[in-house]
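Here is the structure we will look at, set down as structure tokens.
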Amino acid sequence: MSAGVGVDLENLWIRFGDFVAVRDANVHIKGGDFFSFLGPSGCGKTTILRAVSGFLEPSEGNVLIGGNNMKGIGPNKRPTALIFQNLALFPLMKVWENISFSMEIAGASAKERRKRADELLDMIALSDQGDKLPSELSGGQRQRVAIARALCAEPDVLLLDEPLSALDLKLRQHMRTELREIQKRVGITFIYITHDQGEALTMSDDIAVMRAGVIDQIGDGKTIYNDPATAFAASFVGENNVFRGKVLEVNGNEALIRTNRSGDLRSRISTANLGKLAVGDDAMMFIRPEALDLAPTGTKGENFVTAQVTHEEFEGNTFNIFMEGDGGKEIKVAIPNHGQSFDDHTGQAMTLEYEVDNAVAVPAGELAAE
Amino acid sequence: MNNSIIRISIWVYLAIFFIYLLGPLVIMSITAFNSPSFPRATPWECLTFEWFSALFQDERILNGIKNSILVGIGTIILSVSMGLAGALMLTQIWPKLRATYYTIIIAPILIPGVVLGISTLVFWDRINRMLGLGADSFLSNGLFLTIIGQSTFIASYCMLVLVARLQRYDLALTEAALDLGATHAQAFRKILLPFMRPALASAAVLAFLASFENYNTTTFTFGEYPTLTIELAQKVRYGITPAISALAFMIVVLTVFAALFNEANIKRKEVIAKARKEGATVGDVTSGVKLPGFFTGNAAAITLVVFAVATIAVIGTATVYSPKQCIANVQEQKRLETQKRIQELRDQRKRDAEAAGQAGGATGAAKPSNNSGFGGVFAPGTLQGGDQGTAPADDAGSSNNSGFGGVFAPNNINGADN
Ligand SMILES: Nc1ncnc2c1ncn2[C@@H]1O[C@H](COP(=O)(O)OP(=O)(O)OP(=O)(O)O)[C@@H](O)[C@H]1O
Ligand SMILES: [Mg+2]
């Protein structure tokens, strides 16, 4: 799908006074992709989107849409349409007038506008709701109207600012699939902003992980999840257990790390840090809860961890065991529930086993807040 | 026990409050329909509508109303647009300057109207002279000066009303419009203005009312365009007539009409919104008696119509009703009362004189000076007789029968007449 219009951010800096909201962002978004910016609240996601849509002039650097530099071009002249964090539907206009607003601006007749609005209403499965006011719709319906309104402007790039954050869980999950389907159908570039890693992973072709104005890593969902570039990316995307320590030795793409608490452990070095992590460096090693397994108690080795069990819980699809970990953080182990019997281990020492390939080492760095 | 005392005192308080609030209006409205030429509610004499026709024949009042409306319209246009600009500025200005800006723009409300009037006059006179224009230029035109002068502070009122609404405006709406291709002007016209419409209407009404009732500022600026308040003030200087009450009454009625109409409209919108929400028609929301659409579940609309019918009825009566007979009766009654009063007075004098005579008799009854005393009593009677040429004869007869009649000689009076 290279038909769509691509977007490039080149050395993009955005400052508010002394405060740097976006620091030297370089992003290449392929045309027709579903691209997500993923990061915690306040990391500068909306700011980037506003720079792309033209509401904000970058302090430095360029925004390119379809290869054209957008410097000095206002939001009403850019081939983008933005879906606002709070939707910003026009409260006094009927649903169909909302949807066809861009055509009204372009001077289309009421009849044409109504016709196009009805087509779009069909597409979002709200065929008979065109004469209602936005306030008379449910949250999910409003959501879809906002999408239809943006699509009606026939943008090359659709920008979505956490459009699902106001919805309840069920609807959010439903809308994920729906958004993805709409994107495939219209085939234009979607730039999606979220702080929910589940949304980013399920919908996106590519994801940029952001931390306090800095883009830590760009890659597809699998890469971000399995091969994080920084400690932040590893801890922000999905659950992860952290082991801190120093690099004892490096062989090829593996490293032996002397952890503070759990002895010497062997781990794969994340691709982005190959050749950068050297002996003696402070490092962090991450193992997912589902990558840990129970082993005979007391087994020693470079892929075995022994610790006290603090508590356990039953989550339905998994049994979760929490053990004393490093720096006040617990080690979480998720054991799939196959209907097997499960004893209470609280207070006992247990040994865990993992495959070296499932552990990933990165240079020590800031972790995501829980 | 305690509770009922509280409840009673609340009712008493409410009654006092409403009497205080509405009493003067009621009294004044009554005076508009009472026939005496000095406005008063008691004693009630005759129902009359003549003060209304007197009002509509008063050239100066009519001219004043016309000027007030002209000034009002000009003030609405100028104040609402300046108020809107000020309100927009307030929401967009650099936050650190906001408090200062607010104080500056609110200041005209706190400055006495007299000061505003004088400064408007002086300022524009200066400008006029700087531009080398004559005394009859546009800048010294009373209409222009009054509108400008009033707008200096009415615009601040408008701004307060508009800011309240603007604070609830989501700037993202304007951005959404821009994002969808609208220019700034289009976003303003199609999104912001419709959103502001209710507040703009309120501000316009407020501006008109403030302009209509303004005296302090206008008194310096009106030039050859005296407004209604100016005319009224000048009239009051030479004594007031119930025609002014009639004008006031009409203003009260118009206000009540406008308020009821507004209320009815709001209510209707609520009913419709409710119906839309529930996916039902208007009729379904208010089950029971079926009324035409506008009235359903709308007490204000019903009151409005009752009120309108009553007004039409009153106007209808007014065109056929003539208080002449009543006024004649009242005059007759008044005349009788005066007569009675004079007779009482005479009687009193006579008795006084008799008493004096008896006292005099004991010392020297034949004193000629006594006769002059009688002469004094009868002298006004003679005058009275001359005045009352039209008095019916039996009137005099009845006087005869009265207890006083025998005491002195009423026939003498009539005799003087004959
Ligand atoms: N107009 C502004 N002036 C000053 N600082 C701003 C402005 N807009 C944003 N910021 C700052 O920039 C940072 C990033 O803001 P932004 O709105 O991009 O966050 P975000 O990632 O979208 O967060 P959220 O997920 O909560 O929406 C924040 O710390 C914010 O305080
Ligand atoms: Mg945001």
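The values are calculated or read from the model by the stated rules, or taken from the named source; none is laboratory data. Predicted, not measured: the structure shown is a model, and the values here were computed from it. Here Cβ is always computed from backbone atoms with ideal geometry, including for glycine, and neighbour counts include all displayed protein chains. Surface areas here come from the heavy atoms of the whole protein model, side chains and all, with no ligands, DNA or RNA. Shrake-Rupley method; radii C 1.70, N 1.55, O 1.52, S 1.80 Å.
Of the helices (runs of 4 or more DSSP H) that lie entirely inside the range B:188-244, those containing 2 or more residues that are charged (D, E, K, R) span B:193-213, B:228-237. Here B:Pro108, B:Pro43, B:Pro39 are screened, and the one residue that is surrounded by 16 or more Cβ atoms within 10 Å (Cβ to Cβ) and outside any helix (DSSP H, G or I) is B:Pro39. A residue that is in a strand (DSSP E or B) and within 16 Å of ligand 2 (Cβ to nearest atom) occurs nowhere in the range A:163-184. Checked against the criterion of being in contact (Cβ under 8 Å) with a residue 24 or more places away in the chain, within 16 Å of ligand 2 (Cβ to nearest atom) and part of a helix (DSSP H, G or I), the range A:199-214 contains one or more residues that satisfy it. A single member of B:Ile73, B:Ile10 is over 30 Å from B:Thr152 (Cβ atoms) and modelled with pLDDT of 85 or more, and it is B:Ile10. Only residues that are open to solvent by 60 Å² or more (accessible area, probe 1.4 Å) and under 20 Å from A:Ile182 (Cα atoms) were counted in the range A:120-137, giving 4.
Can you say whether A:Gly32 is away from ligand 2 (no atom under 16 Å from the Cβ), farther than 18 Å from A:Asn69 by Cβ and within 14 Å of chain B (Cβ to nearest Cβ), as far as the supplied structure shows?
no
Taking the criterion of being in a loop (DSSP other than H, G, I, E, B) and of a type in the set (A, V, I, L, M, F, W, C), the residues of the range B:46-62 that qualify are B:Cys46, B:Phe49.
Cβ-Cβ contacts under 6 Å between residues 6 or more apart (or on different chains), taken from a first residue in the range A:100-120 that is within 11 Å of another protein chain (Cβ to nearest Cβ) to a second residue that is crowded, with 19+ Cβ neighbours inside 10 Å and not in a helix (DSSP H, G or I), are listed as A:Phe101/B:Leu180; A:Ser102/A:Ala153; A:Ser102/B:Leu180; A:Ser102/B:Gly181; A:Ile105/B:Gly181; A:Ile105/B:Ala182. Restricting A:Thr230, A:Thr177, A:Thr194 to those that are out of contact with any strand residue (DSSP E or B) (no Cβ under 7 Å at 6 or more places or on another chain) and of a type in the set (Val, Ile, Thr) reduces the list to A:Thr177. Take the residues of the range B:179-198 that are of a type in the set (A, V, I, L, M) and surrounded by 23 or more Cβ atoms within 10 Å (Cβ to Cβ): which is farthest from the chain's Cα centre (by Cα)? Ranking the candidates gives B:Leu180 first. For the range A:183-196, the candidate set comprises residues that are surrounded by fewer than 20 Cβ atoms within 10 Å (Cβ to Cβ) and more than 13 Å from ligand 1 (Cβ to nearest atom); within that set, the residue that is farthest from the other protein chains (Cβ to nearest Cβ) is A:Lys184. Filtered by the rule that a residue be more than 10 Å from ligand 1 (Cβ to nearest atom) and open to solvent by 60 Å² or more (accessible area, probe 1.4 Å), the range A:23-43 gives A:Arg23, A:Asp24, A:Asn26, A:His28, A:Lys30. For the range B:111-157, which positions are open to solvent by less than 50 Å² (accessible area, probe 1.4 Å) and outside any helix (DSSP H, G or I)? Hits for the range B:111-157 are B:Gly134, B:Ser137, B:Asn141.
The combined condition, being at pLDDT 80 or above and either surrounded by fewer than 13 Cβ atoms within 10 Å (Cβ to Cβ) or more than 30 Å from B:Ser37 (Cα to Cα) (or both), is fulfilled by B:Val306.
A:Phe243 meets each of the listed conditions (1) more than 23 Å from A:Ser41 (Cα to Cα); (2) among the hydrophobic types (A, V, I, L, M, F, W, C); (3) open to solvent by 10 Å² or more (accessible area, probe 1.4 Å) apart from (3).
Residue check: is A:Val250 surrounded by 17 or more Cβ atoms within 10 Å (Cβ to Cβ), more than 15 Å from the chain's Cα centre (by Cα) and in the same structural domain as A:Gly325 (by TED's automatic domain parsing)? Judged against the criteria, A:Val250 is a match. If you check B:Leu90, B:Leu25 for being in a helix (DSSP H, G or I) and assigned by TED's automatic domain parsing to the domain that holds B:Cys158, only one passes: B:Leu90.
Answer yes or no as to whether A:Leu49 is within 16 Å of ligand 2 (Cβ to nearest atom) and either of a type in the set (Phe, Trp, Tyr) or open to solvent by less than 40 Å² (accessible area, probe 1.4 Å) (or both). When the stated conditions are applied, A:Leu49 passes them. Within the range A:44-53, identify whether any single residue is more than 14 Å from ligand 1 (Cβ to nearest atom) and within 13 Å of chain B (Cβ to nearest Cβ), and answer yes or no. Checked against the condition, which is being more than 14 Å from ligand 1 (Cβ to nearest atom) and within 13 Å of chain B (Cβ to nearest Cβ), the range A:44-53 yields no hits at all.
Of the residues that make up the range A:117-128, is at least one assigned to a loop (DSSP other than H, G, I, E, B) and modelled with pLDDT of 90 or more? The answer is no, given that none of the residues of the range A:117-128 is assigned to a loop (DSSP other than H, G, I, E, B) and modelled with pLDDT of 90 or more. The residues listed here are A:Ile83, A:Ile147; of these, the one that is closer than 25 Å to A:Gly44 by Cα, in contact (Cβ under 8 Å) with a residue 40 or more places away in the chain, under 23 Å from the mean Cα position of the chain (by Cα) and more than 16 Å from ligand 1 (Cβ to nearest atom) is A:Ile147.
Return yes or no: is B:Asp170 surrounded by fewer than 19 Cβ atoms within 10 Å (Cβ to Cβ), within 11 Å of chain A (Cβ to nearest Cβ) and acidic (Asp, Glu)?
Judged against the criteria, B:Asp170 is a match.
Here's a check for you: in the range A:69-85, which residue that is facing chain B (nearest Cβ under 10 Å) and out of contact with any strand residue (DSSP E or B) (no Cβ under 9 Å at 6 or more places or on another chain) is nearest to A:Leu126 (Cα to Cα)? Selected residue: A:Asn76. Among the residues of the range A:12-22, those identified as open to solvent by less than 10 Å² (accessible area, probe 1.4 Å) and within 16 Å of ligand 2 (Cβ to nearest atom) are A:Ile14, A:Ala21, A:Val22.
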